[in-house]
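Here's the structure we're looking at; comments come further down.
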Amino acid sequence: MASNKSTLLILFFSISITVQFPTKTSSTNPDHQQSDSDCTNRWIHIRRLPPVFNLDLLSNCSGYPLFYDFCPYLANHGLGQKTHNLSHSWYRTDPLMLELIFHRRMLEYPCLTADPQAADAIYVPYYAGIDALRYLYGPDYNSSSEQGLNLFEFLTTDSPESWNRKMGHDHFMVLARPAWDFSQPLGNNPLLWGTSLLELPQFYNVTALTVEARAWPWQEHAVPYPTSFHPPNLSLLESWVQRVRRSRRTTLMMFAGGGGVGRNPTIRRSIRNECENDTLNKNVTNVNNVGMYGSGVGGFSKLCDVVDCSNGICEHDPIRFMRPMLQASFCLQPPGDTPTRRSTFDSIVAGCIPVFFEESSARAQYRWHLPEDQFGEFSVFIAKEDVVFKGMRILHVLRSIPRGKVRRMRERVLEMIPRIMYRKHGSSIGLRAKKDAFDIAIEGVLQKIKSRGQVFAQ
């Protein structure tokens, strides 16, 4: 039954992505028609790939015993199943589906061209994160250094002029996993975690959009993790923002995640310890609050709340963490296995001010979507070393922030919501007027490729 269902989902997705390319002066969607002048320096060509590089990979969605069955999350072109039947904006979205979501949205891009020679950028719809599963969890573990070699061969032998004109400098692709998962050094013995896709010299010129980039490779750039919020029209977006603005914040800070239960000193352990020692939750009301509270408990029923998301139980159930986030003033975003977290973007959607403990968790990652010079306006930074090794209490830092500043920070967070969400494909004209995470990523890619092209031409 699961196999039949996944086959139908793949067939439906296949029909959607086999639309004909528009001419240079038209689009697949009449509502998206643009003039040549509107599309100056914005033309994109979608490289046609054999299905072995994308659609065929979806047919094995339940075929990795060491990985979860991701067949249910193929629904709605990668958005996943709705959280409930009456939902219009909320889905059980898996971050691994970013490649599908991006591919579907590219089909609505208003400045597509069938002529690669006329394109300012060329999109390669390769599902790299899904293809990596057979190397990470499947039978090709011992061949992990080979991911991408077949793709490179195709790109350079099928219409080689598309590649050769700029040697891949104008190509870009999306990776729905952290760059570290594609960064195993070539020739490593013994093999380490990951594949070597981003270590192949053949792809050094290709721009890679990934949910977490490394600091040094110039071809990598981070884009937001997909959240579960994908509104189809402006009215639903605005009603959600109003709900978030009106939400009563009864918790000072909250953490949604796992870890922090071992003996080793880590920021997650420090957070759990601080929350467990929260005397307010033990009916001790004589709290010396300062800053945004003045005296007394300041209207908060909790100083700290922890939503245990161990073993991935929250990943496809946004209700588990969104309700507590809507009730919290600050959302803690400690690093885990890697510096970044999807929870950062979940908290922004909930209007919960993110608190970071590493620069590489967001500030040094998402410069297109979260402007680096504005971070202090919508987030708080506390060095994890100060908390773990110097005894700094997170509660003391957050309680010292004046109430007026917290209100201003929350308004800035609300302004960021459209920038970090991926709206639903086929959305209304009104909503398309607001740039979302996809739109901003495309603008960034085009600018990045243009600047590199100028260097390449010298």
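The values are calculated or read from the model by the stated rules, or taken from the named source; none is laboratory data. Since the model is a prediction, treat every value here as computed from it, not as a measurement. Positions of Cβ are backbone-derived with ideal geometry, glycine not excepted, and every protein chain shown enters the neighbour counts. Keep in mind that these areas ignore ligands, DNA and RNA; they rest on the heavy atoms of the full protein, side chains included. Shrake-Rupley method; radii C 1.70, N 1.55, O 1.52, S 1.80 Å.
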Q. Does at least one position in segment 261-274 carry a residue that is β-branched (Val, Ile, Thr) and in contact with a strand residue (DSSP E or B) (Cβ under 8 Å, 6 or more places away or on another chain)?
A. yes
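On the given criteria, is Tyr141 at pLDDT below 95 and surrounded by fewer than 20 Cβ atoms within 10 Å (Cβ to Cβ)?
Working: at pLDDT below 95: yes; surrounded by fewer than 20 Cβ atoms within 10 Å (Cβ to Cβ): yes.
Spelling it out, Tyr141 is indeed at pLDDT below 95 and surrounded by fewer than 20 Cβ atoms within 10 Å (Cβ to Cβ).
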Q: Please verify whether segment 261-282 includes one or more residues that are at pLDDT below 90, β-branched (Val, Ile, Thr) and within 30 Å of Asp69 (Cβ to Cβ).
A: yes
Q. What's the number of the condition His88 fails, among (1) open to solvent by 60 Å² or more (accessible area, probe 1.4 Å); (2) without any contact (Cβ under 8 Å) to a residue 12 or more places away in the chain; (3) within 30 Å of Ser235 (Cβ to Cβ); (4) of a type outside the set (Lys, Arg)?
A. (2)
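Restricting to segment 91-130, what's the tally of residues that are of a type in the set (S, T, N, Q) and either out of contact with any Gly (no Cβ under 6 Å at 6 or more places or on another chain) or surrounded by fewer than 22 Cβ atoms within 10 Å (Cβ to Cβ) (or both)?
Taking segment 91-130 first, the residues of a type in the set (S, T, N, Q) are 93, 113, 117.
When the remaining residues are screened for being either out of contact with any Gly (no Cβ under 6 Å at 6 or more places or on another chain) or surrounded by fewer than 22 Cβ atoms within 10 Å (Cβ to Cβ) (or both), the result is 113, 117.
Of the residues in that region, 2 qualify.
With the condition being touching a helix residue (DSSP H, G or I) at 6+ places or on another chain (Cβ under 6 Å) and of a type in the set (A, V, I, L, M), I'd like the strands (runs of 3 or more DSSP E) fully within segment 151-242 carrying at least 3 qualifying residues. If you could, list the steps in order and put the result at the bottom.
Working: elements: 171-175, 207-210, 220-222.
Result: empty, no element qualifies.
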Q) Among the candidates Val397, Val387, which residue alone is of a type in the set (Val, Ile, Thr) and in contact with a Lys or Arg (Cβ under 9 Å, 6 or more places away or on another chain)? A) Val387
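Looking only at helices (runs of 4 or more DSSP H) that fall completely inside segment 306-410, which ones have 1 or more residues that are open to solvent by 30 Å² or more (accessible area, probe 1.4 Å), among the aliphatic types (A, V, I, L, M) and without any contact (Cβ under 8 Å) to a residue 24 or more places away in the chain?
Numbers: elements: 319-327, 343-349, 375-378, 384-388, 394-399.
Result: 394-399.
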Q: Any chance you could count how many residues in segment 411-428 are under 17 Å from Thr93 (Cα atoms), open to solvent by less than 40 Å² (accessible area, probe 1.4 Å) and part of a loop (DSSP other than H, G, I, E, B)?
A: 4
